[in-house]
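Notes for the one structure printed next.
The values are calculated or read from the model by the stated rules, or taken from the named source; none is laboratory data. Computed from a prediction, not measured in an experiment: that's the story for all the values here. With ideal geometry, Cβ positions are generated from the backbone for all residues, glycine too; neighbour counts draw on all protein chains shown. When the accessible area is computed, the model is the full protein with side chains, heavy atoms only, and any ligands, DNA or RNA have been set aside. Shrake-Rupley method; radii C 1.70, N 1.55, O 1.52, S 1.80 Å.
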Amino acid sequence: MERYYQEEIECASREKIREIQNEKLKKQVQHVWDNVPYYRKKMEAKGITPADIQSIDDLHKLPFITKDDLRESYPYGLLGMPLKDCVRIQSTSGTTGKRVVAFYTQHDIDLWEECCARALTAAGATDEDVCQVSYGYGLFTGGPGLNGGSHKIGCLTVPTSSGNTDRQIMFIQDLKTTILCCTPSYAAYLGERMKEMGLGPDDIPLKAGIFGAEAWSEEMRHDIEKTMGIKAYDIYGLTELSGPGVSFECSAQDGMHINEDHFLVEIIDPDTLEVLPDGSEGELVFTSLDKEAYPLLRYRTKDICQLKYEKCSCGRTFVRMAKPRGRSDDMLIIRGVNVFPSQIETVLLNHGYAANYQIIVDRVNNTDTFDVQVEMTPEMFTDNLGEVEAKQKELSDGLKSMLGIKAKVTLVAPKSIARSEGKAVRVIDKRKI
């Protein structure tokens, strides 16, 4: 039986959802106009005032916000409330330039935790569950978001954060943890370590996992589910919008339901910036409908995906987003071809390899080099050179078939690629572009 945290809104009619969105959008545009001079100037530059936005049909008139705007207005330029009304910040783990610092009022935190509670409930969590949150805490949104959602439901919450893998497994066994929340790459590592310890699915009390914060393939999902004997659910979010819980998977595992009473979604062409017709693949753009402290309108996520509008078997009426195929800014362009790490992962898992790999791109004599280092599993490890070369060729052919370009594949010994307790470092791009 499907469970809902707030059934009246999660299963509301499309007309009711639209009514909520229209009302909230008008209010939010006025709030931003009155309180965020940075965005007001962008609206004025387009000749737009709040009076021009009467419903969600007018959304396309508003200017976009990008990560460049966030860096340019760091730290307080996009603040929508007085600092005395803000109770927390969270921040991205950005690798270049200024970090993104997002602000929250208590109201913002309550709504965010409600979204995470919806996600946990969709994964089967109740007040009788033990929920182990192995996302990082601190500035990263993963830990605090799922922690708050777990509390809302009434789960016994185990705030382990990431790392100390053997202790994580000890708590899972001793406390009879039933729900695990972490990045998919860390879930795969936990599963690998459990296997080494001689633990099979029947020895592990887990029943479900909520894994997000990085791209992962269906093949990786099946691998984790098989190793741990669980159902693995996807969750999506951005610090800029609040954190995890912008969208979440239900029991159907056929796309992630967007919490449309809080987030308005569009799909645009990343080149022309035009809004695309329903069902098109393009860049996700979100408007936060009721964030007070950090109210972003038409924020370009850089995530490439499609939306699904047909009715879901779970009973929820929220539109679903497909698993993002990659990010337009993380997407590698190698010899003119668009390459997403998730495509490489699919090939590896289909050939029986674990998702422990690294992509190394360089430029030699004005030509891109494309190397993929892949860990052998302990079962397939061999020092027979002929066997290794045959396996490398098989993978190289599989990648060429998937991507349309040739990659040099190097098989390396088990455990020789550094493990990640947070987001995995999949790509090393040495090109000076």
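Table for the structure above
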read-out	value
Residues of region 111-120 that turn out to be farther than 11 Å from G148 by Cβ and open to solvent by 10 Å² or more (accessible area, probe 1.4 Å), as a count	0
Matching option when the condition is open to solvent by 70 Å² or more (accessible area, probe 1.4 Å) and of a type in the set (D, E), among D69, D34, D58	D34
E225 charged (D, E, K, R), within 24 Å of Y104 (Cα to Cα) and either in contact with a Pro (Cβ under 9 Å, 6 or more places away or on another chain) or open to solvent by 10 Å² or more (accessible area, probe 1.4 Å) (or both)	no
Selection status of I304, under 19 Å from the mean Cα position of the chain (by Cα) and outside any loop (DSSP other than H, G, I, E, B)	yes
Test: residue in region 276-294 that is polar (S, T, N, Q) and open to solvent by less than 10 Å² (accessible area, probe 1.4 Å)	yes
Residues that are of a type outside the set (D, E, K, R) and open to solvent by 50 Å² or more (accessible area, probe 1.4 Å), drawn from region 298-318	Q306, Y309, S313
Only listed residue being surrounded by 24 or more Cβ atoms within 10 Å (Cβ to Cβ) and among the β-branched types (V, I, T), chosen from I210, I230, I204	I210
Filtered residues of region 315-328 (kept if touching a strand residue (DSSP E or B) at 6+ places or on another chain (Cβ under 9 Å) and under 19 Å from E15 (Cα atoms))	R316, T317, F318, V319, R320
Check on D108, touching a Lys or Arg at 6+ places or on another chain (Cβ under 6 Å), under 21 Å from L297 (Cα atoms) and either surrounded by 13 or more Cβ atoms within 10 Å (Cβ to Cβ) or not assigned by TED's automatic domain parsing to the domain that holds N22 (or both)	yes
Residue identified as touching a residue at least 40 places away in the same chain (Cβ under 8 Å) and farther than 30 Å from K207 by Cβ among P270, P244, P277	P270
Filter result (part of a loop (DSSP other than H, G, I, E, B) and open to solvent by less than 40 Å² (accessible area, probe 1.4 Å)) within region 350-379	Y353, A354, A355, N356, M376, T377
Matching residues, region 5-20, being acidic (D, E) and in contact (Cβ under 8 Å) with a residue 40 or more places away in the chain	E10
Residue match in region 1-14 (condition: under 15 Å from S288 (Cα atoms) and at pLDDT 95 or above)	no
